[in-house]
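The values are calculated or read from the model by the stated rules, or taken from the named source; none is laboratory data. Since the model is a prediction, treat every value here as computed from it, not as a measurement. Positions of Cβ are generated from backbone atoms using ideal geometry, with glycine treated the same way; all protein chains shown enter the neighbour counts.
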Amino acid sequence: MIRTAATRPPLRAAAGACGSALLGAVARAQEGGSAEGADGLEQVTVSGVRSLLADRLGEDPQDVPQSLTVITRELIEAQGLTRLEDALRNVPGITLNAGEGAARGATVNLRGFPVFNDFFLDGIRDAAVYDRDSFNLESVEVLEGPAAVLFGRGSTGGAINQVSKAPLAKPLAALSASLGSNALYRGTADLNQPFGVANAARLNAMAESSQVAGRDLTRNRRWGIAPALEFGIGAAPSLTLAFLHQQEDNVPDPGVPFLDRAPAPVPRSAFFGLAGDRARNRVDIGTLRASAELAPGLALAETLRYARYDFSYLGTLPNLGLAPAPGTPPAAVSVERDAPDSAGLHRNLTNQTDLTARGHTGPLGHTLTLGIELARQTLDTQRYANPFDTDPQWLPPVPLLAPDPDQSAPPKPVAQTQTTLAHALGVYLTDRLSVGQHWEMLLGARYDRFAAEYRQRTLTSGAELALRRTDALGSPRAALLFKPTPRQTYYLGYGTSFDPSAEALALSAATANLGPVRAHSYEAGVKAGLLGARLAFSGALFRTEVDNAQTNDPVYPTRLVLNGDQRVDGVEVGLNGYLATRWEVFGGYTYLHSRTLTAGTAADIGKALPNTARNALNLWTEFEVSPRLELGAGTSWLGPRFADPANLVRIPGFIVWNTMLTYRLSPRLTVQLNGLNLTDRLYYAAPYYNNAAENHIVPGAARSATLSVRATL
C-alpha cells in the first residue's frame, strides 16, 4: 500500500458508516481507466466483475441517497485480513452472530437486524453459510438499510455485495506468502494475461492453514481457485465468464456458555466442543455476464449464475441442560453437549436482465432501468439424530472449569430429511431524474413473487410433512438529492424491504400461514468533501422499523403471529481521505437506539434488540514515513449489548487495537508485519442465545502477529 498521495486510491470508497462520498471512487486503477477530476485528484471507477456502484447505484458514491460503505482490496490487504467476516468489522453497526443447526457458522447483524441471506456475489444472491475468503475480492460494498427495489426479499438491515476481481487490460503476476503466530500458513497467487484486442484471462488462487489465536483447537483449512475470462474489456459488447471454487475443512469454534447472565468466567482457551468436530463446505459458483449497447443511450446487461454449496456440519456445542441457579459457583457447574448436526446441498440458478436507458424529456434528465430477475433454489438437508434431545448425558458432562475436548462421540444416524424448492420472480423499474444542475430525484418500484414447497420426512416414524407458501409483494423507493456544489450532496430517502416466511428455505407448521415481515426506513444525510476535497465526510440520521415482526401470540404462546413492532433510530458519521499529504484516515461511528415496541412476550417490550450495541467506532489510519516505509494503526470499539430479547444477559463492550508496518524492499517486493489485538484483550464477538441453558458466545482472537511477503513478477 505504499503509493504517492497523488495516485494512490483512498482506503475507503465511501467513507463513514453512513456511506459517504468519495474523493473519486476506488479500485481498478490497473485498467488505466482513470481520469483527473476538477479537484486535481485521480478519479478512478470502482469496478470488478460486477460492482453495484458501476451497475445500479451510480458510479459516484456521493450520489447514492443511502448509507454505503465500500471496503477496498487495499484496506483488506493493509489490515492483513483473509475473511469477509473480519473485513466487515470495518463497518460500525455490524455485529457478528454465532449459530447452530440451520444457522450454523457466523452471520452478521446490520443496524440491529440479521443479515442471513443478504450476501451477494457480483450482484447475485450468495445465499449460503460458509467462510467467505477475500482472495478473489476487489472490494466489498455494504449498502445499509432496506433496499428491496435493488435486491428483492431480505435486506432489512442492508445488503453486502462482494465484487470479484476481473480480468485486466495489462499483464499481472503477483504472489504472496504469510506466516502467523496463530499457526497461519497462507499463500495466494494473482495472474493476469491479456490476449487479442481488449481480452484477458485472470486466475486467483489461495491455500490456508491456520488456528485462532488463544483458541488453539479451532482449526481452519481451506483452498480456492477463481479463473475468469473477459472479452471486450472496457467496451461494448463485452462478455465475462467467471468461476469460483472454494473448499474448507474446519474445526468450528463452539464458544463458551453464558452463566449468571454473562459469558462464563473461563479461560479464553476453554474448548467445549470435541477435537473430532468438523465443518466442511464446498462452493462452486459459475457466472456468465454479457453486456451490449443496443443504441446510443440504451444498454442491455444479462447475468446468469449457477451456484452449488455442499455442506456438512458435525459439531458439539455447550448446553447447561438445566440452567444453574443464580450465584452457583463456576466450580459446581457442569456442561453437557448439544449436537444439532446436519449435511446437505444448496443449489441456486439465477438470471438477471437489466435494460438501461439514458435521455431527456424536456428539462428532465433520466437514467431509467428496467429489470427482471428469475431464480430457482433448492435445499436438500439431512438432519442427524441429536442424542441430547433424548439423553442429555449421552456424553459424560464436563466441569465448566475443565472441559474435555478429547471425548469420543458415537456415530449419529440421519433422523430427518428436508427438501425445499423455491421459485422467485422480481420485476423492477427505477428512474433517476435530474432537474437542472442541483436537484435529482430517484423513484423506483419492484414486484416480487416468492413461492416455496417444503417437504420433511422423519425416518424413525415415517411421518411426512408437506407445506407450501407463496408471497407476492410490491416494494417502493424514493429519494430527493440536492447538490449545491459538485462536492456537496444532501439527501432524503425512503426504502422498504420484506422477508417471506420461507426466506431461509424452510417452513414449519407455525410459519407456513404467515405472510412476509415488512420493514421501511427513512434516512436524511449529507456527503461532502473537506480540506480541498482531500477528505470526505458523511453524516446521516435514520429510522428503520419492522411493524409486523413475527412474535408469540400472547393468548396462545406456541403460535406465531405478525404483531411485533421493532424500531431502530440511528446516527452515523464517517471520514475518509487525507488529513495531510501522507496521512490517510478511514473511520466511522454509529449510534443505534433499538427498541422492541410490541411483542407477544411482555418482558421483551421496551428492550433493545439482541446483539445491537448502542455505540460502535472503527478507525484505521496510515502514514507514509518515506517512499519505502508506511505505518498503520487502528482500533475497534463496540459498546455493551444484550444477547437476549429481554435484555437479561449482558455482553461486555470492548476495544481492540491493531497495527501495521509495510516496507518496500524493491519496486517489486514488499514485506508487511501486522499485529492484531495488541493488548491481548479478552472480548466476546459472536453470541447465540436461545434460552438460559442453550446458548454460547464465541470469544475474539487473542494477540497475534502476521508476516507477509508480496512479490510482483
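When Tyr556 is tested against (1) of a type outside the set (A, V, I, L, M, F, W, C); (2) part of a strand (DSSP E or B); (3) without any contact (Cβ under 8 Å) to a residue 12 or more places away in the chain, exactly one condition is not met: (2).
Quickly run through the stretch 266-285 and pick out the residues that are closer than 19 Å to Lys165 by Cβ and either buried (at least 16 other Cβ atoms within 10 Å of the Cβ) or touching a Pro at 6+ places or on another chain (Cβ under 9 Å) (or both). Result: Val283, Ile285. Looking at Leu379, is it under 29 Å from Tyr306 (Cα atoms), in contact with a His (Cβ under 8 Å, 6 or more places away or on another chain) and assigned to a strand (DSSP E or B)? For Leu379, the condition - under 29 Å from Tyr306 (Cα atoms), in contact with a His (Cβ under 8 Å, 6 or more places away or on another chain) and assigned to a strand (DSSP E or B) - is met. For the stretch 387-396, the condition of being in contact with a Gly (Cβ under 9 Å, 6 or more places away or on another chain), under 27 Å from Val129 (Cα atoms) and at pLDDT below 95 holds for at least one residue. Residues that are closer than 17 Å to Thr679 by Cα and small (Gly, Ala, Ser) were ranked within the stretch 635-669; the one that is surrounded by the most Cβ atoms within 10 Å (Cβ to Cβ) is Ser636. Of the residues Thr356, Thr303, Thr316, the single one that is under 22 Å from the mean Cα position of the chain (by Cα), buried (at least 16 other Cβ atoms within 10 Å of the Cβ) and not acidic (Asp, Glu) is Thr303. For the stretch 308-327, the criterion of being under 30 Å from Gln407 (Cβ atoms) and in contact with a helix residue (DSSP H, G or I) (Cβ under 7 Å, 6 or more places away or on another chain) is satisfied by at least one residue.
Does the stretch 180-190 contain any residue that is in a loop (DSSP other than H, G, I, E, B), at pLDDT 95 or above, within 15 Å of the chain's Cα centre (by Cα) and hydroxyl-bearing (Ser, Thr, Tyr)?
no
Looking only at the stretch 393-452, count how many residues are among the acidic types (Asp, Glu) and surrounded by fewer than 17 Cβ atoms within 10 Å (Cβ to Cβ).
So the first thing to find is which residues in the stretch 393-452 are among the acidic types (Asp, Glu), and the list is 404, 406, 431, 440, 448.
When the remaining residues are screened for being surrounded by fewer than 17 Cβ atoms within 10 Å (Cβ to Cβ), the result is 404, 406, 431.
So the answer is 3.
Against the test of being closer than 30 Å to Asp55 by Cα and surrounded by fewer than 18 Cβ atoms within 10 Å (Cβ to Cβ), the options Leu244, Leu322, Leu288 yield a single qualifying residue, Leu288. The listed residues are Tyr454, Tyr494, Tyr522, and the only one of them that is hydroxyl-bearing (Ser, Thr, Tyr) and in contact with a His (Cβ under 8 Å, 6 or more places away or on another chain) turns out to be Tyr494. Among residues of the stretch 43-61 that are within 24 Å of Val526 (Cβ to Cβ), those with a Cβ under 8 angstrom from a residue that is at pLDDT 80 or above and part of a loop (DSSP other than H, G, I, E, B), sequence gap 6+ or separate chain, pair up as Leu52/Gly123; Leu53/Val64; Arg56/Gly123; Leu57/Val64; Gly58/Val64. Inside the stretch 647-677, residues that are of a type in the set (D, E, K, R), in contact (Cβ under 8 Å) with a residue 60 or more places away in the chain and either outside any strand (DSSP E or B) or closer than 30 Å to Arg595 by Cα (or both) make up a count of 1. Scanning the stretch 499-522 for residues that are in a loop (DSSP other than H, G, I, E, B), surrounded by fewer than 19 Cβ atoms within 10 Å (Cβ to Cβ) and hydroxyl-bearing (Ser, Thr, Tyr) returns Ser508, Thr511.
Scoring Phe542 on the criteria (1) touching a Leu at 6+ places or on another chain (Cβ under 7 Å); (2) among the aromatic types (Phe, Trp, Tyr); (3) closer than 30 Å to Phe482 by Cα leaves a single failure, condition (1).
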